[in-house]
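All of the numbers you see were taken from the coordinates with simple rules; none came from a lab. Since we're looking at a predicted model, the values are computed, not measured. Glycine gets a Cβ as well: all are built from the backbone with ideal geometry, and neighbour counts include every protein chain shown.
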Amino acid sequence: MPSARTLDGREIEVSPEALAGLQMRLRGPLLLPGDADYEASRSVWNAMIDRRPAAVARCLGSADVIAGVQFAREHGLLLCIKGGGHNIAGLAVADGALMLDLSLMRGVWVDPRARIARAQAGCLLGDVDRETQVHGLAAVLGFISLTGIAGLTLGGGFGYLTRRWGWTSDNVVGMDLVTADARLVRASEDENPDLFWGLRGGGGNFGVVTGIDYALHPLGPEVVGGLVAWPASAAPEVLELYRTLAETAPPELTLVALMRRAPPAPWLPKEVHGQPIVAILACYSGPPAEGERLVAPIKAFGKPVGDVLLRRPYVQMQALLDATQPKGRRYYWKSEYLPRIEPALCAKVIEHAAKIRSPHAAAILFQIAGALNERPDAHSPVGNRDARYVINLTGAWEAAVDDAANVAWAREAWQDVRVFSTGGNYINFLTEDEGRERVEAALGPGLARLAEVKAAWDPLNVFRVNRNIEPT
Ligand SMILES: Cc1cc2nc3c(=O)[nH]c(=O)nc-3n(C[C@H](O)[C@H](O)[C@H](O)COP(=O)(O)OP(=O)(O)OC[C@H]3O[C@@H](n4cnc5c(N)ncnc54)[C@H](O)[C@@H]3O)c2cc1C
């Protein structure tokens, strides 16, 4: 084992005997640098992140997590936790830490009568969709099926069903968690309600979540969903269409607008590939016939260069964008919550989209208005109950030599659209270089209460490789 980092910042050696002891306490494998799978375990979605934990415990269940936390406590080691590894800031991995990699814990059990799914914390979104759709049910999750449920849910979570049922975290009925003193506890409205409150937006600050129970909703198997794209020259009219349709759309319909260069997708003609486009992404999750009626104005608008907005299985819809966000590219995002879409904002989006040089970058407007606005701010720390849209300026490129130009694009565009913000932002979209001020904007008034929950459950700040809340 290379030298490991302690909680108080020292470098220490952990003896081979101690490591052998840890392996004996684990059911899953313990990986050290040089072992097969170590590189895969330490790597995360964003190739900008390149960190090397001292060791990786690939946990198979809560007992392994308990063993890992106990070992870290005995040796004073820094701990990090990996779910789906999708966090853009790379919060799953830290140099010199003992990593608890939960990516082998992907079981899902559905109780169709109670309409609850119990998912192990290493699940990706697609794992839960696949099992819940067997019963004609769905959880409120995100747009890319390869994202981890744990990081997404602990930070809030939004997707195509958010307009109907709120943040992902609003739909959690309970979680199992291994605490800093290595106990397995339950968090729900009835058990440890303060912890349950904190977990719905406070990230991985309170322990290692090993299971999440989601309330499910009847849905599918078909939705009306997909994209229609036009040349970027049509953007003023298309974004105006988006703006007006979104204002009156029922909660079953979620509309997303985006501008980027056309990917080499089979549904777009070859001559369009690489050219700037504007697109509307829609998903109607109610009766398909009604969905077809509601999306007809989008399909009939202007002269699209591509149209794959049609009836399709919900599970397919949930994975529709996966290929656009592969693991291993370099990514840098800037985002804000918006109270509305204003014409002046659309003009700024068009202006900055025209400056995109990378074939993978995009300016995206997500619609989230609906159920989340109906709960009080204090319901959970995810807050931001005034958010009706999200803008995300998603820098994405291949080579390190292009880092500065792509980061600059996202930052410059963001400087220009910030004035349209609610003042809040999505904590799960914050990049590595965004600090305390942005976290405060993301968590707002919930931060003080989060610090109290932190003090009660993790007074020594064992769980600090995250958007850290200092105990008070
Ligand atoms: C391509 C892409 C698409 C996305 N789409 C959406 C979307 O549609 N909607 C949305 O809301 N968000 C979306 N996100 C953001 C996403 O919610 C965050 O990136 C989230 O952190 C991912 O969770 P993860 O488990 O994959 O992350 P990881 O990188 O594994 O972990 C993120 C953080 O959570 C902590 N953590 C992970 N597992 C646990 C656990 N079991 N217990 C305690 N702490 C844990 C980690 O320690 C780390 O601090 C997207 C991100 C990407 C990269």
If the chain between V308 and A408 were fully stretched, how many nm would it gain, using 0.36 nm times the residue separation less the Cα-Cα distance? 32.7 nm
Placing +1 at every Lys and Arg Cβ and -1 at every Asp and Glu Cβ, with all other atoms neutral, what dipole size does the chain have around its Cα centre, in debye to the nearest 20? 700
Euclidean distance between Cα centres, the range 62-92 to the range 385-428, Å: 29
To the nearest Å, what is the center-to-center distance of the range 1-44 and the range 197-218, using C-alpha atoms only? 27
In sequence order, calculated HN-Hα J values of the range 180-187 (Karplus, 6.51, -1.76, 1.60; Hz; x Gly/Pro): 4, 9, 6, 9, 8, 10, 9, 10
Sparse-neighbourhood loop sites, GluC sites (Glu not before Pro) in the range 168-247 - DSSP loop, at most 13 other Cβ within 10 angstrom: E189, E191
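Among bridges DSSP assigns within the range 1-133, what percent are antiparallel (round to 5)? Walk me through the numbers before you get to the answer.
On the way: 9 of 17 bridges.
Once the DSSP bridges in the range 1-133 are tallied, antiparallel ones form about 55 percent.
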With DSSP loop assignment and no more than 15 other C-beta atoms within 10 Å, the trypsin sites (Lys or Arg not before Pro) in the range 2-62 are R10, R27
Distance from the range 263-300 to the range 227-260 (C-alpha centre basis), Å: 10
Binning every alpha carbon pair distance of the range 4-101 at 5 Å from zero, what are the percents per bin? 3, 15, 26, 27, 19, 9, 2, 0
Could you tell me what fraction of 2.2 N^0.38 Å the Cα radius of gyration of the range 222-436 comes to, as a two-decimal ratio? 1.00
Can you compute 3J(HN,Hα) from phi for each residue in the range 315-325, using the Karplus curve 6.51 cos²θ - 1.76 cosθ + 1.60 with θ = phi - 60°, rounded to whole Hz and x for Gly and Pro? 4, 5, 4, 5, 10, 4, 9, 3, 5, 7, 10
Along the positive direction of the dipole of the chain (beta-carbon charges: Lys, Arg +1; Asp, Glu -1; about the Cα centre), which of V173, Y284, G204 reaches farthest? Y284
Please report the Cα spread of the range 108-218 along all three principal axes, rounded to whole Å, starting with the longest. 39, 25, 22
Just check the range 275-323 against the gyration tensor rule for me: Cα atoms, a ≥ b ≥ c as the square roots of the eigenvalues, rounded for a/c under 1.5, and otherwise prolate or oblate depending on whether a/b exceeds b/c. oblate
What's the exposure ranking of L60, L199, going from fewest to most Cβ atoms within 10 Å? L60, L199
Projecting each Cα onto the charge dipole of the chain (Lys/Arg +1, Asp/Glu -1 at the beta carbon, about the Cα centre), which of L310, A378, Y38 comes out farthest on the positive side? L310
What one gets for the chain as the Kirkwood radius, inverse of mean 1/r over different Cα pairs in Å, is 22.7
Do the sum for the chain: with -39,500 (n - 2.57) for every DSSP H run of n ≥ 4, divided by all residues, what is the mean residue ellipticity at 222 nm, to the nearest 500 deg cm²/dmol? -8000 deg cm²/dmol
Using the alpha carbon gyration tensor of the range 158-235, what are the three equivalent-ellipsoid semi-axes (square root of 5 times each eigenvalue), largest first, in whole Å? 36, 16, 10
Rg to Rh quotient for the range 194-252, alpha carbon positions, Kirkwood Rh: 1.20
Karplus couplings for the range 387-403 from phi (6.51 cos²θ - 1.76 cosθ + 1.60, θ = phi - 60°), rounded to Hz, Gly and Pro as x? 6, 10, 9, 10, 9, 10, 9, 9, x, 8, 7, 9, 10, 4, 4, 9, 3
Net charge of neighbours whose Cβ lies under 12 Å from the Cβ of G96, counting Lys and Arg as +1 and Asp and Glu as -1: +2
How big is the dipole moment of the range 183-312 about its Cα centre under a simple scheme where the beta carbon of each Lys and Arg is +1, that of each Asp and Glu is -1, and everything else is neutral? Debye, nearest 20, please. 580
Report, ordered by chain and residue number, the lysines lying within cross-link reach of K82, taken as a straight Cα distance under 22 Å and ignoring same-chain residues fewer than 8 apart. K327, K454
Determine which lysines satisfy two conditions relative to K303: a Cα distance under 24 Å, and not lying fewer than 8 residues away in the same chain. K270, K348, K355
Please state the equivalent ellipsoid semi-axes for the range 381-425: what are the square roots of 5 times the Cα gyration tensor eigenvalues, largest first, in whole Å? 27, 12, 7
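Kindly put F196, F158, F301 in sequence by how many other C-beta atoms sit within 10 Å of each C-beta, fewest to most.
Working: F196 22, F158 26, F301 17.
So the ranking, lowest neighbour count to highest, is F301, F196, F158.
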For 344-351, 92-99, 286-293, ranked highest to lowest by mean beta-carbon neighbours within 10 Å, the order is 92-99, 344-351, 286-293
